[in-house]
Amino acid sequence: QLQLVESGGGLVQAWGSLRLSCAASVSINSINALGWYRQAPGKQRELVAMLVRGGSKDYAGSVKGRFTVSRDNTENTVYLEMNSLKPGDTAVYYCFADVDRSRFWGSGTQVTVSS
């Protein structure tokens, strides 16, 4: 059973940076899609960034140019590098992985950006 554990969240000032990590309990070499969602208070969960096995990446318009998703297959880890953070980026960030027809989720990590 795949388990995902996020880390790296915290409190940062506007225009600061954070790097989130998502460690998988199994090899991610053959996982088709990995990435990150976020959910702010009172809002629906939204896709932030996704990395497909072939190498293509997709980003929410609001984070393009500021966030970068990457994977390290040797460490079975997915990263989300976040730069130029804004208060609007405040949310719980969730890692996900698509395996066959199932989607697995981490428990989330809080990111708070102060103005």
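The values are calculated or read from the model by the stated rules, or taken from the named source; none is laboratory data. In this text, all values refer to a predicted model and were calculated from it rather than measured experimentally. For neighbour counting, all protein chains shown are included, and Cβ atoms are generated from backbone atoms with ideal geometry for every residue, glycine included. Note: areas computed on protein heavy atoms with side chains; ligands, DNA, RNA excluded. Shrake-Rupley method; radii C 1.70, N 1.55, O 1.52, S 1.80 Å.
Could you please let me know if residue 75 is under 18 Å from residue 5 (Cβ atoms) and among the acidic types (Asp, Glu)? Yes: the conditions hold for residue 75.
Residue-by-condition table, conditions (1) loosely packed, with under 15 Cβ neighbours inside 10 Å; (2) closer than 27 Å to residue 26 by Cβ:
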site	(1), (2)
47	yes, yes
51	no, yes
56	yes, yes
61	yes, no
76	no, yes
97	no, yes
102	yes, yes
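On the basis of being at pLDDT below 95 and in contact with an Asp or Glu (Cβ under 9 Å, 6 or more places away or on another chain), does residue 32 make the cut? Yes: the conditions hold for residue 32. For the range 22-31, state whether one or more residues are part of a strand (DSSP E or B), surrounded by fewer than 20 Cβ atoms within 10 Å (Cβ to Cβ) and in contact with a Ser or Thr (Cβ under 8 Å, 6 or more places away or on another chain). There is at least one residue in the range 22-31 that is part of a strand (DSSP E or B), surrounded by fewer than 20 Cβ atoms within 10 Å (Cβ to Cβ) and in contact with a Ser or Thr (Cβ under 8 Å, 6 or more places away or on another chain).
Okay, residues lined up against (1) among the acidic types (Asp, Glu); (2) under 11 Å from residue 108 (Cβ atoms); (3) in a loop (DSSP other than H, G, I, E, B):
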residue: 2; (1), (2), (3): no, no, yes
residue: 5; (1), (2), (3): no, yes, no
residue: 11; (1), (2), (3): no, no, no
residue: 19; (1), (2), (3): no, no, no
residue: 34; (1), (2), (3): no, no, no
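Taking the range 1-45 as the range and being under 17 Å from residue 95 (Cβ atoms) and of a type in the set (D, E, K, R) as the test, the residues that pass are 6, 19, 38, 45. When residue 49 is tested against the conditions (1) outside any loop (DSSP other than H, G, I, E, B); (2) touching a residue at least 40 places away in the same chain (Cβ under 8 Å), the lone failure is (2).
Taking the criterion of being part of a loop (DSSP other than H, G, I, E, B) and under 12 Å from the mean Cα position of the chain (by Cα), the residues of the range 71-112 that qualify are 106, 107, 108. From the set of residues in the range 78-91 that are open to solvent by 30 Å² or more (accessible area, probe 1.4 Å) and free of Cβ contacts under 8 Å to residues at least 60 places away in the same chain, which is nearest to residue 19 (Cα to Cα)? If we take residues in the range 78-91 being open to solvent by 30 Å² or more (accessible area, probe 1.4 Å) and free of Cβ contacts under 8 Å to residues at least 60 places away in the same chain, then 90 is nearest to residue 19 (Cα to Cα).
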